[in-house]
Amino acid sequence: EKKNNFTFTDLFTRYSTKTGERRIRVHTLVLQTEKTLSDVFKHSDLETIFNVLAKQASQQWIEMKPSQARDNLANRCASILAAYRKHCSQSNAEGQLILPESLKLLPLYCLCLIKSRLMTPINPKYVQAFLNKSQTDKRAYLFQLIWSQPIYLTTTLFYPRLFALHKLGEEHLQRTAKGNVKLPPVMRLGLELIEKNGIYLMDTVLELFIWIGSTVSPLLLRDLFGVEYIDKAHRPTELPILETSLNQIVREMIQEIRSNRSIYQNLVVVEQGDLAEARMWVYFSEEGDENTEVIKDMSYMRFLSSLHRKICDSL
């Protein structure tokens, strides 16, 4: 049934209760419809689209070769952007990659999914950091998470949130109207943005990392951990309760993040140069080869160039 700009679909299920009582359950699905393709792109939800692509890609990874699954994901991303270019864009410049405003980050998220442990084996230079965990088990766990976690967590699962703790101030103690902690701005995952004198918090959905730079100020460590030196043999697994503003802000940030997760996130403290920091760097998917034709090894700029070529070939 169609009414105004909505489509209604009803599903009737007849069943018997354990006491033998006959019942009918009605499920109603209401979907908004648009008259033009440009309106569809305008109101597209990036997280929902990426969640669907991730589920399709994870299923294909089981049914076909990993390289085919990765290529299919890239082609599907290119076909979405090509449809926008063909039917909605007002620009005809062939040398320009045109992306819909609502889906500007779709190529980035797709590349992160392609490079993730779900679809690509761990880079050999990072293998030692994961020797204590079965990669097959980890891949199966990621597969299960994609199909069970809320949609809004799918992007964070493959493109974690990164916060610069050394740049926090009193203003970050502010709360929302509902009383929740107002998290600071999220950083882009670029290695060139990481400062050696900084401290960063990374939320990967699976774990929480606190990365400490090699030249960080002892005063900053004291404000956050209560010590001026982190003992490698006894690294903290939780932040101590201190009266400093930095410690209070970070503890409330961690509590806010954990409160929106269905699994408990362990806190891992990592110092620059540690073997364990590789568990963070695997998420920096924008890094890569600028000249390769192998998708899983591409940098983000090289991947965009590849998508642009696919889009132009399809027009």
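Taken over the stretch 217-236, the criterion of being open to solvent by 20 Å² or more (accessible area, probe 1.4 Å) and under 19 Å from Phe163 (Cβ atoms) is satisfied by Ser217, Leu220, Asp223, Pro236. Any idea which residue in the stretch 161-172 is nearest to Val282 (Cα to Cα), counting only those that are part of a helix (DSSP H, G or I) and among the charged types (D, E, K, R)? Top of the filtered list is Lys167.
Restricted to the stretch 277-287, and to residues there that are farther than 19 Å from Tyr141 by Cβ and out of contact with any Lys or Arg (no Cβ under 6 Å at 6 or more places or on another chain), the residue that is least open to solvent (accessible area, probe 1.4 Å) is Phe284.
Quick check on my filter: what residues within the stretch 84-137 are hydroxyl-bearing (Ser, Thr, Tyr), more than 21 Å from the chain's Cα centre (by Cα) and modelled with pLDDT under 90?
Answer for the stretch 84-137, where residues must be hydroxyl-bearing (Ser, Thr, Tyr), more than 21 Å from the chain's Cα centre (by Cα) and modelled with pLDDT under 90: Ser89, Ser91, Ser134.
Would you please name the residue that is modelled with the lowest pLDDT, looking only at residues in the stretch 6-24 that are within 30 Å of Val40 (Cα to Cα) and either open to solvent by 70 Å² or more (accessible area, probe 1.4 Å) or not hydroxyl-bearing (Ser, Thr, Tyr) (or both)? Step by step, filter the stretch 6-24, then rank; the result is Phe6.
Let's see how each residue does on (1) surrounded by fewer than 16 Cβ atoms within 10 Å (Cβ to Cβ); (2) at pLDDT below 90:
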position	(1), (2)
Ile62	yes, yes
Lys65	yes, yes
Gln68	yes, no
Ala82	no, no
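Applying the criterion of being modelled with pLDDT of 90 or more, surrounded by 10 or more Cβ atoms within 10 Å (Cβ to Cβ) and charged (D, E, K, R) to the residues of the stretch 25-48, the residue that is nearest to Lys86 (Cα to Cα) is Asp45.
The values are calculated or read from the model by the stated rules, or taken from the named source; none is laboratory data. Keep in mind that this is a model prediction, so the values were computed, not measured. Using ideal geometry, Cβ is built from the backbone for each residue, glycine included, and neighbour counts are taken over all protein chains shown. We work out accessible area using only protein heavy atoms, side chains counted, and drop any ligands, DNA or RNA first. Shrake-Rupley method; radii C 1.70, N 1.55, O 1.52, S 1.80 Å.
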